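The values are calculated or read from the model by the stated rules, or taken from the named source; none is laboratory data. Since this is a predicted model, take the numbers as computed values, not measurements. With ideal geometry, Cβ positions are generated from the backbone for all residues, glycine too; neighbour counts draw on all protein chains shown. For accessibility, only protein heavy atoms count, side chains too; no ligands or nucleic acids. Shrake-Rupley method; radii C 1.70, N 1.55, O 1.52, S 1.80 Å.
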Amino acid sequence: MTTVFPPHSPALLPIVGSDQTFPVRRVYCVGRNYAAHAREMGSDPTREPPFFFCKPGDADAVIAVPAGQTGDIAYPPATHDLHHEIELVVALGKAGSAIAVEHAAEHIFGYAVGLDLTRRDLQGQMKEQGRPWEIGKAFDQSAPIGPLTPRQPGAPLTAGKIRLTVDGAVRQQGVLEQMIWSVDETIARLSTLFTLQPGDLIFTGTPDGVGALTRGQALRGEIDGLAPLQVRIV
Ligand code: MN
């Protein structure tokens, strides 16, 4: 049997120090995981269970930007308020469901710097109406990601600076320790809702300072210990 058109290929992320690539399956995102960002979005950052939304894992949504390169991201249609959210992306290399917090790190393949690009005006309208967020979050090129850095055995990434500059000016700055829910807690919780598989990515939330982007701007996302992510809005 043949397919009626060529099957879509997954996004493939480059891996630091390897000739192999990481094929993406699903993209899970955590909402409001830094207290200061929860407050800037009008929420109370009490420690409620984390909540999740998804982006597509295909190569239309996930834009893999190789080390040393700048990815071109088209300003998306239907918005006048495209926002940046710099995030630590956790890539899973091992399947599991109902994963215990103390075993969560074993499921991590590696880490990358990612941008959860957001059509904030559309997301806001959907929030007001109690409707799903997809049109605000899951558009084409909504998830640029830098190269994956493999996890070192026994040394999960739990601390360090996270920062985004736009045209050289700092827009977002924080530390991973500010996460309300740790990476391990997030994996454990998510795995009670979905069976996680190798290839799954988790965007772990953004520090405060989210804001609007315009065409022509150059973004650089940095997290201590990881390859930076550079994109330009075109
Ligand atoms: Mn986000």
Any idea which of (1) among the polar types (S, T, N, Q); (2) part of a helix (DSSP H, G or I); (3) within 30 Å of Pro156 (Cβ to Cβ) is the one Gln125 doesn't satisfy?
-> (3)
Out of all the residues in segment 86-93, is one or more within 15 Å of the chain's Cα centre (by Cα), free of Cβ contacts under 8 Å to residues at least 60 places away in the same chain, closer than 27 Å to Leu213 by Cβ and open to solvent by less than 30 Å² (accessible area, probe 1.4 Å)?
-> no
Looking only at segment 97-108, decide whether some residue is modelled with pLDDT of 95 or more and closer than 25 Å to Ile73 by Cβ.
-> no
Starting from residues that are of a type in the set (A, V, I, L, M) and open to solvent by 100 Å² or more (accessible area, probe 1.4 Å), keep the ones in segment 1-17 and report whichever is farthest from Glu87 (Cα to Cα).
-> Met1
Any chance Gly114 is within 14 Å of the ligand (Cβ to nearest atom), within 19 Å of the chain's Cα centre (by Cα) and part of a strand (DSSP E or B) = yes
Would you check if Glu102 is touching a Lys or Arg at 6+ places or on another chain (Cβ under 8 Å), more than 21 Å from Gln217 (Cα to Cα) and surrounded by fewer than 20 Cβ atoms within 10 Å (Cβ to Cβ)?
-> no
Single residue of segment 125-146 satisfying the filter (within 14 Å of the ligand (Cβ to nearest atom) and small (Gly, Ala, Ser)) that is farthest from the chain's Cα centre (by Cα) = Gly136
Please work out which residue is most open to solvent (accessible area, probe 1.4 Å), limiting yourself to segment 110-164 and to residues that are within 30 Å of Gly17 (Cα to Cα) and hydroxyl-bearing (Ser, Thr, Tyr).
-> Thr158
Note down all Cβ pairs under 9 Å where the first residue falls in segment 117-144 and is on the phi > 0 side of the Ramachandran plot, the second is away from the ligand (no atom under 15 Å from the Cβ) and of a type in the set (Gly, Ala, Ser), and they're at least six residues apart or on different chains.
-> Gln141/Gly71; Gln141/Ala74
If a residue has to be touching a residue at least 60 places away in the same chain (Cβ under 8 Å) and of a type in the set (Val, Ile, Thr) to count, how many in segment 145-158 make the cut?
-> 2
By residue number, the members of segment 18-66 that are away from the ligand (no atom under 14 Å from the Cβ), modelled with pLDDT under 95 and surrounded by fewer than 13 Cβ atoms within 10 Å (Cβ to Cβ) are Gly42, Asp44, Thr46, Arg47, Glu48, Pro49
